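Here the structure is laid out as structure tokens; the discussion comes afterwards.
Rule-based calculations on the coordinates, nothing more; no lab input. Just so you know, these numbers come straight off a predicted model, no measurement behind them. All Cβ positions, even for glycine, are placed from backbone atoms using ideal geometry, and neighbour counts span all protein chains on display.
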Amino acid sequence: MVLIFVKTWKQISMTTIYHNPRCSKSRASLEMLEAKGINPTIIKYLDTPPDKAELTEILGKLGLQAEQIVRKGEALYTELSLNDKTLSNEEWIEVLAQHPRLIERPIVVSGKKAAIGRPIERVIDIL
């Protein structure tokens, strides 16, 4: 007699939030995820900034160019004279890797999709 064991694997979608605890939209997005029973991996991106490869991957999931996730209202943006420059996507990625404060927040990644949580309802669309 041969016994065959079949195991069913539930597909688990890993969810990550690039979080700034001082940001109200970031806190609201995290609270919304937790309210839905999702315990995301929390990356405090100002303490642990994404490198260029990670930023490239996130941008691919967002379907955006790097300049589209730049916080142009940040004082640092003006201090670095970025408003006077035309940069390639790779150059913007370099800037964001070096200056994570310029990255729009929060960014939630779930599987092959990502969303910027402004407004937080965008996050729901990728879950």
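Descriptive notes on the structure:
- Fewest-first sequence of Arg22, Arg122 by Cβ atoms within 10 Å of each Cβ: Arg22, Arg122
- Computed lengthening from Arg122 to Glu54, 0.36 nm per intervening residue step minus Cα-Cα distance: 22.4 nm
- Ranked Glu57, Glu90, criterion: other C-beta atoms within 10 Å, fewest first: Glu90, Glu57
- In terms of its Cα atoms, the chain spans 76, 29, 25 Å along the principal axes, sorted from long to short.
- Sorted by Cβ density within 10 Å, fewest first, the residues His19, His99: His99, His19
- Couplings 3J(HN,Hα) of the range 106-118, computed from phi: x, 10, 10, 10, 9, x, 9, 10, 8, 8, 8, x, 9 Hz, in residue order, whole Hz [Karplus 6.51 cos²θ - 1.76 cosθ + 1.60, θ = phi - 60°; x for Gly and Pro].
- For the chain, the longest principal axis of the Cα atoms and the long axis of helix 89-98 meet at an angle of about 90 degrees.
- Relative contact order (%) - the chain, alpha-carbon pairs under 8 angstrom, separation at least six: 32 percent
- For His19, the amide hydrogen comes within under 5 Å of the amide hydrogens of Ile43, Lys44, Tyr45, counting only partners 5 or more places away or on other chains and with H modelled in the peptide plane.
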